[in-house]
1. Which whole-Hz ³J(HN,Hα) couplings does the stretch 12-25 yield from phi under the Karplus relation 6.51 cos²θ - 1.76 cosθ + 1.60, θ = phi - 60°, glycine and proline marked x?
2. What share of Cα pairs, in percent, lie more than 20 angstrom apart in the stretch 29-143?
3. Sticking with the crude label model, points 7 Å out along Cα→Cβ, report the distance from Glu252 to Asp121 in nm, one decimal please.
4. Hey, can you grab everything whose amide H is under 5 Å from the amide H of Lys136? Only 5+ residues off in sequence or another chain; H modelled, so Pro and N-termini drop out.
5. As an exercise, use a Förster radius of 35 Å and the Cβ-Cβ distance of Lys262 and Phe211 to find the FRET efficiency, rounded to the nearest 0.05.
6. Given R₀ = 30 Å, FRET efficiency for Asp8-Val143 by Cβ-Cβ distance, to 0.05?
Amino acid sequence: MTTADLIDELKRSLGNRADISDERYVRWLNWAIYDVIGYHRKRAYPSRRFHFLEDDILFNSIIVTGTIEAATATTFDLAAGDQEADDYYNDMVIELDDGQIRLISDYVNVDNKATIAEAWDTNPTGISTYSIYRRKYTLTNDVGLDPGTQIFSIQSMEFALTGSEITQKNWKELVGIDLDNSLGDPTSFARRGNNLLFNKAPNTVETLRLFYYRLPTLLYATDLTAECELPNNFEEAVVLGATYRGFDKLLEPDRADEAFDKYNKRIVNTLDAYSIEEYQMVKQVTVRRGEY
């Protein structure tokens, strides 16, 4: 069902009141969507993950390799194909083919020029090759994950196929970690909130696979054609949940209690049916795999 369809159903459930805006209807529908999957602080139901909202991202510590165009004692020009927005390379590490390693303190797009925090021992030439490594990722910005994303596994690609545990130390065990300047070395990588810090020294590439679960996309009154992301059989439950929320916010407790009873019965039955279907699907996949 589209946002418009859900609003129409909700309007009918609440008595087609003319004093309620579409924006308000959408707020109540979004509340119900998040309640169905159990992500309210005062949620009515346990958290539930839908497989179609699960995904993974591959990323690694090395960003780019290239050949220096020109250099001074404290700067270097990147290869033309490596040009990025201002400050993109800030706080990354460059390693030259002669073994020199420096922290990049600033990057300017217009000149494609980076400044290093400490002067070169020997100025690189136009034939010097480089590798630039990233020590820190901010998952919500650099990787593009929504702040509401639930991250439930990060694997080193070295162990991804075997399912072995990755080497991640607790942040309390890490001495001298400075996220702002990417200093300090966890065993392999460390995560603190939305930041992920690589351990790797600049001459070692580490690739990670991050498994995550994102929350359903919110509905908006400005886009009435958007589809609700929950499975179709949950849409009636969403409308009933939004009806309960609406009567509660309209200070009609008796009608809110009645709506909640209907909502509760519907959502419990829907979740039970979905769990059975999900179990059967997993069982079939397991059996099929076992035949080979």
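Every read-out reported here was derived from the displayed coordinates using simple, explicitly stated rules and does not represent laboratory data. Note that the structure is a prediction, hence the values are computed from the model and not measured. Don't worry about glycine lacking a Cβ; one is built from the backbone with ideal geometry, like all the others, and counts go over all protein chains shown.
1. For the stretch 12-25, the Karplus-derived couplings read 4, 5, 9, x, 6, 6, 7, 9, 10, 7, 4, 4, 6, 4 Hz, x marking Gly and Pro.
2. Values: 3439 of 6555 pairs.
Percentage above 20 Å: 52.
3. 7.9
4. Under 5 Å from the amide H of Lys136: Phe198.
5. Working: r = 36 Å, r/R0 = 1.04.
Computed FRET efficiency for Lys262 and Phe211: 0.45.
6. Values: r = 37 Å, r/R0 = 1.25.
It comes out at approximately 0.20.
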